[in-house]
1. When the residues of the stretch 267-287 are filtered to those that are assigned to a loop (DSSP other than H, G, I, E, B) and in contact with a His (Cβ under 7 Å, 6 or more places away or on another chain), which remaining residue is nearest to Ala348 (Cα to Cα)?
2. Please verify whether Gly141 is in contact with a His (Cβ under 9 Å, 6 or more places away or on another chain), under 20 Å from Arg292 (Cβ atoms), open to solvent by less than 10 Å² (accessible area, probe 1.4 Å) and not aliphatic (A, V, I, L, M), treating the condition exactly as stated.
3. Which one of these is more than 12 Å from ligand 2 (Cβ to nearest atom), open to solvent by 30 Å² or more (accessible area, probe 1.4 Å) and among the hydrophobic types (A, V, I, L, M, F, W, C): Ala247, Ala208, Ala199?
4. (1) over 21 Å from Leu161 (Cα atoms); (2) modelled with pLDDT under 95: which one isn't true of Arg76, the others all being true?
5. Between a first residue in the stretch 90-113 that is part of a helix (DSSP H, G or I) and a second residue that is surrounded by 13 or more Cβ atoms within 10 Å (Cβ to Cβ) and among the basic types (Lys, Arg), which pairs have beta carbons less than 6 Å apart while being 6 or more apart in sequence or on different chains?
6. Would you point out which residue out of Pro327, Pro323 is at pLDDT 95 or above, more than 30 Å from Ala46 (Cα to Cα) and assigned to a loop (DSSP other than H, G, I, E, B)?
7. Picking from Thr335, Thr343, which residue would you name as being open to solvent by 50 Å² or more (accessible area, probe 1.4 Å) and in a helix (DSSP H, G or I)?
8. Just give me the residues in the stretch 151-197 being among the hydrophobic types (A, V, I, L, M, F, W, C), in contact with a strand residue (DSSP E or B) (Cβ under 8 Å, 6 or more places away or on another chain) and within 30 Å of Val317 (Cβ to Cβ), in sequence order.
Amino acid sequence: MPTVLTDVFRGHPIHLPHTHQPDFTSLSELPDSYTWTSKDDPLFTAPPSPPDAGESIPLIDLNHPDAANQIGRACRTWGAFQIANHGVPLELLQGIEFLTGSLFQLPVQRKLKAARSDTGFSGYGVARISSFFNKKMWSEGFTITGSPLNDFRKLWPQLHLNYCDIVEQYEEQMQKLASKLMWLSLNSLGVTEEDIKWATVSSDLNWAQSALQLNHYPVCPEPDRAMGLAPHTDSTLLTILYQNNTAGLQVFRDDFGWVTVPPVPGSLVVNVGDLFHILSNGLFKSVIHRARVNQTRPRLSVAFLWGPRSDTKISPVPKLVSPDESPLYRSVTWTEYLRTKATHFNKALSMIRNHREK
Ligand SMILES: O=C(O)CCC(=O)C(=O)O
Ligand SMILES: [Fe+2]
């Protein structure tokens, strides 16, 4: 399962100074290297949507008879939505939050025992997208692909088996949910299993693979000038995000600016990723999002990053391409796309776009 993600980054090492992770709690002022302006990120000072405008991504009840259409609409307009009644037990959400909190509370020397290597994908470190920005992000992360046993043994010599068990159960639930959400949104476009043979509605789900990204945003002395996680789109089909009860996630809309996604207890946030945008021939928006920080409450999030197997060619579903036009994108495997992204970052989609004759 973990081969695609690990292989891509072995081929494209990103040298990050994770051994110089600061002790965030000891800083009473924001160092210059953490101070962002619009020069570091053109969207940094984009206006926030006024809170009284009441705009945010929809909260969809998966038990609602019209859920598929609501999801389809959210994928087209926002590229993101929240879900309630998703069937993932609350104790499991609490379990993964507890694990994430315990991990980041460990002394930094212990966390560094499981540091991500230069060419690796799994382990402790700064955000992978850090290398595309001049300034540092006010966050730390831990990536899990495949079994976390080796890393967890280094972090928790006694309790690692309990924590591995939580990760396994969480990933199993997320797999099932992600596939259900993908099919609900595709069905809303009239796309059926006949149209996408590689993604059968089977119970073993061996056509998919995933990674788990745990994020911690410590309290910050000057949150308005800092960045938790810089704007990006996910390279996935879908990402399912659990956030603790501290706000920080924002999604970008050209017409509204940055819109905060308020934490709703027990619910999950779903993002459309670049691969789903490609598969839908551009109908579903791959949402630009970022994480801000605050002065009083630490924030935790857990992103389940979900995509196809490495050998699957993803291309726009023919049914969604009008007969007199070529597909918006040429076909790519996840591996090929991740390679393009590792080099071109937010230009990756335009690199695989077919240019239409006018
Ligand atoms: O922490 C968040 O809310 C966002 C995390 C995220 O976008 C990611 O891990 O890709
Ligand atoms: Fe993301």
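The values are calculated or read from the model by the stated rules, or taken from the named source; none is laboratory data. Everything numeric in this text was worked out from a predicted model, so none of it was measured. No Cβ is skipped: glycine too gets one built from the backbone with ideal geometry, and neighbour counts run over all protein chains shown. These area figures cover heavy atoms from the full protein model, side chains too; ligands, DNA and RNA do not enter into them. Shrake-Rupley method; radii C 1.70, N 1.55, O 1.52, S 1.80 Å.
1. Start the filter on the stretch 267-287 by keeping residues that are assigned to a loop (DSSP other than H, G, I, E, B), which leaves 267, 273, 280-287.
After this cut, where a residue has to be in contact with a His (Cβ under 7 Å, 6 or more places away or on another chain) as well, the list is 284-286.
Numbers: Phe284: 17, Lys285: 15, Ser286: 12 Å.
Only one residue fits best here, namely Ser286.
2. On the way: in contact with a His (Cβ under 9 Å, 6 or more places away or on another chain): yes; under 20 Å from Arg292 (Cβ atoms): yes; open to solvent by less than 10 Å² (accessible area, probe 1.4 Å): yes; not aliphatic (A, V, I, L, M): yes.
Considered against the rule, which asks whether it is in contact with a His (Cβ under 9 Å, 6 or more places away or on another chain), under 20 Å from Arg292 (Cβ atoms), open to solvent by less than 10 Å² (accessible area, probe 1.4 Å) and not aliphatic (A, V, I, L, M), Gly141 comes out as yes.
3. Numbers: Ala208 fails: open to solvent by 30 Å² or more (accessible area, probe 1.4 Å); Ala199 fails: open to solvent by 30 Å² or more (accessible area, probe 1.4 Å).
Unique residue meeting the criteria: Ala247.
4. Going through the list (1) over 21 Å from Leu161 (Cα atoms); (2) modelled with pLDDT under 95, Arg76 breaks only (2).
5. Listed by first residue and then by second, the contacts come to Lys113/Lys154.
6. Numbers: Pro323 fails: at pLDDT 95 or above.
Unique residue meeting the criteria: Pro327.
7. On the way: Thr335 fails: open to solvent by 50 Å² or more (accessible area, probe 1.4 Å).
Sole residue among the options that is open to solvent by 50 Å² or more (accessible area, probe 1.4 Å) and in a helix (DSSP H, G or I): Thr343.
8. Our first condition is that a residue be among the hydrophobic types (A, V, I, L, M, F, W, C); within the stretch 151-197, this holds for 152, 155-156, 159, 161, 164, 166-167, 174, 177-178, 181-184, 186, 189, 191, 196.
Next, from what is left, pick out any that are in contact with a strand residue (DSSP E or B) (Cβ under 8 Å, 6 or more places away or on another chain): 167, 174, 177-178, 181-182.
Within the stretch 151-197, Met174, Leu177, Ala178, Leu181, Met182 meet the criteria.
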